[in-house]
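Shown next, in structure tokens, is the structure this report addresses.
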Amino acid sequence: MIKYKNIIILFILFFTAFSAFSRELISEEIRSNNGRVDRWIYLKSDGGLIVEADNNFDGVIDYFLETDASGNKIFESIDSNFNGVMDTFFYYENGVLVRKEIDSNSDGQIDMWIYIEEGVYVVRIERSTNNDGVIDFVRRYR
Ligand SMILES: [Ca+2]
Ligand SMILES: [Ca+2]
């Protein structure tokens with residue numbers, strides 16, 4: 001009986017994870033003259049959108065955006081130096097930017113966290129100045 005219960009729980013977890021990530025391609029765009037698709041728009045099962053883009057047309061995705069069903073941004077990431085690794089991450093609550101995370105040396109690990117109020121006011125900056133992921137610098141502005 002316990003075994004079956006575990007299997008059912010696993011199935012529910014799997015189904016939840018799958019449905020949360022299920023998305024349907026609704027648009028492909030070619031914005032350069034190389035003939036390659038460089039922007040994809042997906043409709044999520046919850047009604048939100050996912051946009052992926054190759055903004056420098058090198059064939060590697062360097063922009064990602066996720067919105068909720070109302071069109072509010074939830075999450076955004078950018079590969080700002082086009083090295084194939086996302087390095088700048090934007091987190092939103094109710095469509096308003098609340099936190100920005102940056103991997104400033106492109107080692108795949110965040111080393112700067114910027115906390116934002118009302119979408120524009122920087123209230124705190126945290127850094128890992130030696131890039132070990134541990135915060136060793138904090139500056140508060142409010
Ligand atoms: Ca690219
Ligand atoms: Ca880093």
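Tell me whether segment 53-60 contains one or more residues that are within 16 Å of ligand 1 (Cβ to nearest atom), at positive phi and either modelled with pLDDT of 95 or more or part of a loop (DSSP other than H, G, I, E, B) (or both).
yes
Kindly check whether there is at least one residue in segment 105-127 that is away from ligand 2 (no atom under 14 Å from the Cβ), closer than 25 Å to Ile30 by Cβ and charged (D, E, K, R).
No, every residue in segment 105-127 fails to be away from ligand 2 (no atom under 14 Å from the Cβ), closer than 25 Å to Ile30 by Cβ and charged (D, E, K, R).
Quick one: what pairs do we get from segment 23-47, first residue within 22 Å of Asp68 (Cα to Cα), second acidic (Asp, Glu) and in a loop (DSSP other than H, G, I, E, B), C-beta under 8 Å, 6+ apart or different chains?
These pairs meet every condition: Glu29/Asp38; Arg39/Asp54; Asp46/Asp68; Gly47/Asp68.
Against the condition under 17 Å from Leu97 (Cβ atoms), free of Cβ contacts under 8 Å to residues at least 60 places away in the same chain and within 16 Å of ligand 2 (Cβ to nearest atom), how does Ile74 come out, does it pass?
No: the conditions fail for Ile74.
Could you tell me how many of the residues in segment 36-47 are within 16 Å of Arg23 (Cα to Cα) and either under 14 Å from the mean Cα position of the chain (by Cα) or surrounded by fewer than 16 Cβ atoms within 10 Å (Cβ to Cβ) (or both)?
Adding up the residues that qualify gives 3.
Return a yes/no flag: does segment 111-119 have any residue that is touching a helix residue (DSSP H, G or I) at 6+ places or on another chain (Cβ under 9 Å) and outside any loop (DSSP other than H, G, I, E, B).
no
All but one of (1) surrounded by 17 or more Cβ atoms within 10 Å (Cβ to Cβ); (2) within 16 Å of ligand 1 (Cβ to nearest atom) hold for Lys73; state the number of the condition that does not hold.
(2)
Here is a yes/no grid of residues against (1) in a loop (DSSP other than H, G, I, E, B); (2) surrounded by fewer than 17 Cβ atoms within 10 Å (Cβ to Cβ); (3) within 15 Å of the chain's Cα centre (by Cα):
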| site | (1), (2), (3) |
| --- | --- |
| Glu66 | no, no, yes |
| Val85 | yes, yes, yes |
| Tyr92 | no, no, yes |
| Asn105 | yes, yes, no |
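Quick one: would you say Asp46 is within 21 Å of Ile135 (Cβ to Cβ) and of a type outside the set (A, V, I, L, M)?
no
Is it true that Arg31 is surrounded by fewer than 16 Cβ atoms within 10 Å (Cβ to Cβ), under 25 Å from Asp136 (Cα atoms) and at pLDDT 95 or above?
So Arg31 does not fit the description; no.
The values are calculated or read from the model by the stated rules, or taken from the named source; none is laboratory data. All figures in this text were calculated on a predicted structure; none of them were measured in a lab. Ideal geometry is used to build each Cβ from the backbone, glycine not excepted, and the neighbour counts take in all protein chains shown.
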